[in-house]
1. Could you check the spin-label model distance between GLU181 and LEU356? Points 7 Å from the Cα along Cα→Cβ, value in nm.
2. Please arrange GLU280, GLU337, GLU22 by how many other C-beta atoms lie within 10 Å of their C-beta, fewest to most.
3. If one takes the longest principal axis of the Cα atoms in the chain, at what angle in degrees, from 0 to 90 and to the nearest 10, does the Cα axis of helix 219-228 lie?
4. Find which of ALA224, SER336, SER62 sits farthest along the positive direction of the dipole of the chain, computed with +1 on the beta-carbon of Lys and Arg, -1 on that of Asp and Glu, about the Cα centre.
5. Can you tell me the FRET efficiency between GLU89 and MET151 if r is taken as the Cβ-Cβ distance and R0 is 45 Å, rounded to the nearest 0.05?
6. With Cβ to Cβ distances under 13 Å as the rule, what net charge do the other residues near ASN205 carry (K, R +1; D, E -1)?
7. Given Cβ point charges of +1 (Lys, Arg) and -1 (Asp, Glu) and nothing else, what value in debye, to the nearest 20, does the dipole of segment 204-277 about its Cα centre take?
8. Using the Cα centre as the reference, give the magnitude of the dipole from point charges on the C-beta atoms of segment 197-334 (Lys, Arg: +1; Asp, Glu: -1; all else neutral), rounded to the nearest 20 debye.
Amino acid sequence: MKFLFIVQGEGRGHFTQALAMEEMLLRNGHEVVEILVGKSNSRRLPGFFNRNVKAPVKRFISPNFLPTAENKRASIGRSALYNAMKVPEYLRSMYYIQKRIKQSGAEVIINFYELLTGLTYALFKPSAPYICIGHQYLFLHKDFEFPQKSMSQLAMLRLFTRITSIGSMKRLALSFQDMPEDEEQRITVVPPLLRKEITSVQADNGDYIHGYMVNAGFADSVMAFHEEYPDVPLHFFWDKADADETTRMDETLTFHQIDDTKFMNSMAGCKAYATTAGFESVCEAMYLGKPVLMVPAHIEQDCNAHDAAMAGAGIVSDSFDLEALQRFASSYRPNSEFIYWVRSSERVIVNELEELMNPQSIITFPEFSKYVSI
């Protein structure tokens with residue numbers, strides 16, 4: 001079967017999910033003909049993705065969230081204004097997406113939470129069936145428990161998530177734990193998509209704290225902790241465009257540009273992990289038995305962090321409170337059930353894709369009105 005991926009280009013998680021999915025499909029005799037990446041001018045494709053992906057990659061301009069002046073959380077107002085001004089460009093991107101779907105010869109489209117995919121299917125109605133995959137689709141599940149956050153922001157998050165999946169046959173919701181299917185919302189809960197490099201690496205308990213921040217403004221919190229506890233080794237990864245590959249502040253504090261191999265090895269050897277609550281890296285830490293401090297950068301990550309904390313991954317904070325992380329690490333116990341859940345991912349996800357794509361499923365797809373509701 002020929003697949004085409006459409007990947008949201010914000011952060012690291014969607015890229016690692018796409019790599020894991022490509023590896024999985026290739027091992028099971030399928031083909032990934034092309035990968036389309038939604039990208040903003042403020043982000044660049046991570047080197048680990050370019051080096052490891054097998055299928056040809058093409059880019060298009062896509063909506064994204066702009067950070068606040070402190071470069072920590074996302075600014076909803078600034079983001080809305082910025083994206084409204086770029087609507088004509090996004091329309092050109094949607095035309096490009098539908099053209100690539102047609103010209104690539106793809107039989108099935110997999111959407112990794114890219115907003116313009118749903119809008120493309122609403123506007124142009126491509127004939128190829130598509131499936132959505134991501135932790136965010138769990139937010140539409142009837143049994144998902146939300147944190148105590150702004151109701152308007154949660155409503156906007158759910159609306160955004162629905163729009164990404166307009167016209168989809170199925171929403172595959174990546175989850176920290178198994179949950180029943182939600183037939184009304186076309187949601188099947190599946191294990192996280194972790195690359196084989198993570199599931200095969202040997203974990204060790206080092207003496208340093210490993211970290212990741214999608215917005216470099218959080219570096220101030222890390223620097224403040226470092227000044228108070230200079231003897232605690234810190235290795236943090238960021239996406240700071242004007243920074244060197246490695247920025248060594250002193251003997252115990254180093255900032256690194258995102259590199260998947262370095263990131264994975266640093267994760268495997270750390271004593272604890274601090275992150276801006278992206279779903280994928282929290283899953284990696286849980287699999288390797290690392291306690292986690294989660295510092296959400298936007299409402300989606302607020303939900304990720306709440307869900308992960310209930311699954312026993314770690315603690316939630318509004319700053320990189322590494323002192324609190326050290327206290328939590330002293331009593332942390334890994335979740336062994338999560339490891340078995342992750343190891344079932346290939347069987348569960350490939351079976352789900354192959355079952356959905358059988359002739360009986362595909363023949364119903366041209367009745368677009370059945371799937372177009374959000």
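Where a number appears in this text, it was derived from the coordinates with a stated rule and is not lab data. Note that the structure is a prediction, hence the values are computed from the model and not measured. Note that we place each Cβ from the backbone using ideal geometry, even for glycine, and neighbour counts take in every protein chain shown.
1. Reported label-point gap for GLU181 and LEU356 is 1.2 nm.
2. Numbers: GLU280 25, GLU337 13, GLU22 22.
Going from least to most buried by this count: GLU337, GLU22, GLU280.
3. 20 degrees
4. SER62
5. Details: r = 32 Å, r/R0 = 0.70.
Here the calculated transfer efficiency is 0.90.
6. On the way: positive: LYS271, LYS290; negative: ASP204, ASP207.
Result for the neighbourhood of ASN205: 0.
7. Working: 4 positive and 14 negative charges, 45 e Å.
Dipole about the Cα centre, nearest 20: 220 debye.
8. Working: 7 positive and 23 negative charges, 101 e Å.
For this selection, approximately 480 debye.
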